[in-house]
Amino acid sequence: MRAEPDPAAAAGAIETAAHELGFARVGFAPVDRLWRGGRALRTWLAQGYHGKMAYLDGNCDRGNPAELLPQAKTIVAVALAYRLDPLLALERRSPEASAARIAGYAVGDDYHSVMRNKLDALGVRCAAVLGRPVLARACVDTSPLLEREVAARAGIGFMGKSTLTIAPGLGSRVLLGELLLDVELPPSMPMQPRCGNCTACLDACPTQAFVGPYVLDARRCIAYLTIEFRGVIPLALRALLGDRVFGCDVCQSVCPFNASARSIPIATDLETRPALKALSLCELLDLSASGYRKLTRGSAMRRASRAQLARNAAVALGNSADPQALPALSRALKSNRYALVRGHVAWALGRLHRFDPALVRAALEQSRSSDASTFVRDESAMALDEMDATQPN
């Protein structure tokens with residue numbers, strides 16, 4: 001076994017290998033306790049801002065990387081770049097069809113698999129650089145690790161007021177990953193926050209989900225509501241979701257660091273899948289079990305259930321002002337198997353009643369009187385009350 005190379009030379013070779021694998025940023029951080037992030041997480045959890053994401057309040061110590069690999073001495077932090085707001089370039093089946101808006105990170109292959117495969121390959125390259133087998137652990141955002149603080153310590157980027165990591169030159173359109181290694185490498189220069197007085201992300205949030213700079217109340221966040229939350233979307237927030245059915249890019253779209261980002265290499269695996277270029281809201285509402293499996297296979301969208309995606313599509317159609325949505329909504333109110341979906345469909349029909357009051361009233365009255373779910377009957381009754389309140393005297 002040959003002698004290990006000089007640590008600085010090894011770090012340079014590993015950085016080169018990471019770029020060759022498609023990572024847009026690479027940095028190195030020591031395996032030290034993440035005190036600042038740990039305190040912030042405990043405070044955030046105590047306020048209940050995590051909503052129903054109980055897994056964040058588990059027994060693991062997210063601020064101690066050594067728990068993930070006791071032999072680790074260095075964290076190799078990496079970032080993959082993706083496109084922002086792909087709906088702007090998506091094709092629609094017809095000019096009238098209401099398209100489903102999906103966050104940029106989710107329109108390609110599942111980034112968890114993409115990231116893990118690249119990190120595993122980087123681990124192999126690290127062993128080749130060091131001339132010996134290495135102990136390594138690849139981490140994506142499902143691992144109990146405070147990755148935004150790791151990214152800042154490794155000089156990848158800083159946490160913006162939006163709570164997203166911002167990598168100057170790339171903006172916030174990055175996905176983070178980490179590789180814990182049992183070799184000590186020179187640490188990168190940490191990166192300090194650079195948002196200054198800018199509050200564009202806080203001001204633009206459709207649901208005003210930011211309690212303040214660097215603090216997000218997930219319970220009001222569109223990404224949480226459309227992906228993590230499996231229940232009834234609060235009535236006061238539905239109209240604010242717009243046409244978003246999986247995630248939200250608004251706080252990123254207004255960030256000056258994204259506006260000034262240079263041309264960057266996008267991981268080809270994260271480019272938009274053809275099936276999503278033609279996905280309409282009505283199709284998503286009517287999605288069959290087999291259609292759901294086909295659409296979400298190998299995709300981050302599998303994070304949301306079929307019922308959730310249909311629920312989200314119903315809300316988006318209610319916000320669409322698209323009269324062509326009425327037939328699909330009427331069918332769904334009568335026959336969708338999920339009460340969660342039917343209840344949101346009733347709300348959506350009420351929002352579109354002006355296009356065909358007779359059709360909408362008949363559908364809602366039938367639902368109010370005969371649906372097996374109290375939730376659906378109540379939503380239908382509320383929609384009818386709203387209709388009556390808007391009728392001229």
Picked from the stretch 264-278 (must be touching a helix residue (DSSP H, G or I) at 6+ places or on another chain (Cβ under 7 Å) and more than 26 Å from A310 (Cβ to Cβ)), the residue most open to solvent (accessible area, probe 1.4 Å) is D269
Check G343, G231, G291, G242 and return the single one that is free of Cβ contacts under 8 Å to residues at least 24 places away in the same chain and not charged (D, E, K, R).
G291
Residue list for the stretch 213-228, restricted to those being open to solvent by 20 Å² or more (accessible area, probe 1.4 Å) and free of Cβ contacts under 8 Å to residues at least 24 places away in the same chain
R220
Which numbered condition L185 fails, given (1) over 22 Å from S162 (Cα atoms); (2) touching a Pro at 6+ places or on another chain (Cβ under 6 Å); (3) open to solvent by 50 Å² or more (accessible area, probe 1.4 Å)
(3)
Counting only residues that are open to solvent by less than 30 Å² (accessible area, probe 1.4 Å), more than 15 Å from Q208 (Cα to Cα) and assigned to a loop (DSSP other than H, G, I, E, B), which one in the stretch 248-263 is modelled with the highest pLDDT?
C255
Of a type outside the set (A, V, I, L, M, F, W, C) and under 25 Å from D243 (Cα atoms): does that describe R153?
no
In the stretch 260-286, the residues that are among the hydrophobic types (A, V, I, L, M, F, W, C) and either in contact with a Cys (Cβ under 6 Å, 6 or more places away or on another chain) or free of Cβ contacts under 8 Å to residues at least 24 places away in the same chain (or both)
A275
Counted residues, the stretch 165-182 - those being open to solvent by less than 20 Å² (accessible area, probe 1.4 Å), under 30 Å from L240 (Cβ atoms) and assigned to a loop (DSSP other than H, G, I, E, B)
2
Would you mention how many residues in the stretch 301-325 are touching an Asp or Glu at 6+ places or on another chain (Cβ under 7 Å) and open to solvent by less than 10 Å² (accessible area, probe 1.4 Å)?
1
Since A24 meets every condition but one in (1) touching a strand residue (DSSP E or B) at 6+ places or on another chain (Cβ under 8 Å); (2) more than 30 Å from A127 (Cβ to Cβ), which condition does it not meet?
(2)
Selection from the stretch 65-83 of residues that are open to solvent by 10 Å² or more (accessible area, probe 1.4 Å) and of a type in the set (S, T, N, Q)
Q71
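The values are calculated or read from the model by the stated rules, or taken from the named source; none is laboratory data. As the structure is a computational prediction, the values presented were derived from the model and not from experiment. Note that we place each Cβ from the backbone using ideal geometry, even for glycine, and neighbour counts take in every protein chain shown. Surface areas here come from the heavy atoms of the whole protein model, side chains and all, with no ligands, DNA or RNA. Shrake-Rupley method; radii C 1.70, N 1.55, O 1.52, S 1.80 Å.
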